[in-house]
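Down below is the structure, laid out as structure tokens.
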Amino acid sequence: MLIECPWCGPRDETEFHYGGQAHVSYPDDPSVLTDEQWARYLFYRDNPQGRFAERWCHGSACRRWFNAVRDTRTHQIVATYRTGESAPVT
Amino acid sequence: MTAEAASTPVRRRPADRTGSPLEGYVDRFAALAAATRGAVGVTELPAFAHLALRADPQADVGDILGGPLPPPGHVIGESPLTLGLGPDEWLVLAPDGTQTPLTRALHRVIGANGAVVDVSGQRTVVELSGPWCRTVLAKGCAIDLHPRSFTTDQCAQTLIARAQVILLARSGDPSALWLLPRASFARYVADWLLDAALEYQT
């Protein structure tokens, strides 16, 4: 499978590492969270059937983290985009 | 162990590890070139200083490197030669011995918003030449090495037979490539290349 790195272009899947769900923002003030809210931030992730925004790292080349929208049913990477950008497709 | 022995640092430096990573392969590379009648040539080019550069992509380095900093995957210059490895990361290859003035000059331009580090021991440069060298490399490399796709003044970081390397296509010989494996992987990559080129021996 080829994954399009936003910096290096299409590369073999073996050059990449998976980094879990994208766009999980750090709590504004973690000290006011209850244990359950903190645990939800740390451990609870979406598990959709369909398109899912994920973080990937191009570890064997430019070593940059980026985001990818992957269809969890087909493993097709629908789009890739740089960190800080919002998903071009949903 | 005595207290004196414990306080004395032991420097392990075997005699065969003092030079370039592939100095023990000169004869085997020569034998390969002869056996393949020049179809696959492998040569180590050890006389380079390597500088890792992290800086603002807009940094005004034109006078030092011969042009603006290239985007990822592109190469500028001849000596020094600058490879774009990432959005804010470059590798500069320069003749051995020029690293100190080059580092100072780059430091003056990038100021406190970047870093120049001498990484000369990190990688070695292996030149692949001959009409079949890209075919040999393609056996262990997932990127498209056809001269139409990977051409002059392009570079790529990728895996060759699972070892991380920087690949570089130079101007001049259109089929030749430079391969920059990590020093500790150089002998593995050299062994792999010698094995992959076996079938082109006549």
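Rolling a 1.4 Å probe over the protein heavy atoms gives the stretch B:48-118 an accessible area of 45 Å² per residue. Sorting B:78, A:13, B:127 by accessible area puts them as B:78, A:13, B:127; the probe is 1.4 Å, largest comes first, and only protein heavy atoms count.
Close amide-amide hydrogen proximity is noted between residue B:157 and B:167, each under 5 Å apart and 5 or more residues distant or on a separate chain (H modeled in the peptide plane; Pro and chain starts excluded). Applying a 4.7 Å cutoff between beta carbons, the unpaired cysteines of the protein assembly as shown are A:57, A:62, B:133, B:141, B:155.
Rolled with a 1.4 Å probe across the full set of protein chains, the surface gives residue B:194 an accessible area near 30 Å².
Chains B and A together bury roughly 1000 Å² of accessible area, counting both sides, with a 1.4 Å probe on protein heavy atoms only. The gain in end-to-end length when the residue A:65 to residue A:47 segment is fully stretched comes to 4.4 nm, 0.36 nm per residue minus the alpha carbon separation. The convex hull around the C-alpha trace of the stretch B:48-118, projected and averaged over every direction, spans 3.8 square nanometres. Sorting B:64, B:110 on solvent-accessible area from highest to lowest, probe radius 1.4 Å, gives B:64, B:110. In chain A, the C-alpha radius of gyration followed by the widest Cα-Cα span (Dmax) gives 14.6, 44 angstrom.
With the whole protein complex present, residue A:4 retains an accessible surface near 100 Å², based on a 1.4 Å probe. Heavy-atom accessible area with a 1.4 Å probe sorts A:25, A:60, largest first, into A:25, A:60.
For the protein assembly as shown, the 222 nm mean residue ellipticity estimated from helices alone, with every DSSP H stretch of n ≥ 4 adding -39500 (n - 2.57) and the total spread over all residues, rounds to -5500 deg cm²/dmol. Each residue of the stretch A:38-55 was assigned a 3J(HN,Hα) from its phi angle through the Karplus curve 6.51 cos²θ - 1.76 cosθ + 1.60 (θ = phi - 60°); the sequence is 5, 5, 5, 5, 6, 10, 8, 10, 5, 9, x, 9, x, 6, 9, 7, 10, 9 Hz, with glycine and proline shown as x. The distance from the alpha carbon centre of the stretch A:26-87 to that of the stretch B:126-182 is 34 Å, rounded to a whole number. Take the convex hull of the alpha carbons in the protein assembly as shown; its mean projected area over all directions comes to 23.1 nm². The modelled label-to-label distance between residue B:191 and residue A:36, using points 7 Å beyond Cα along the C-beta direction, is 5.8 nm. Restricting the calculation to alpha carbons of chain B gives Rg and Dmax of 18.8, 65 angstrom.
The values are calculated or read from the model by the stated rules, or taken from the named source; none is laboratory data. Remember, predicted model here, so these are calculated numbers, not experimental data. Please note: Cβ atoms are built from the backbone with ideal geometry, for glycine as well, and neighbour counts cover all protein chains shown. Ligands, DNA and RNA are stripped out before the accessible areas are found, and what is left, the full protein with its side chains, is counted by its heavy atoms. Shrake-Rupley method; radii C 1.70, N 1.55, O 1.52, S 1.80 Å.
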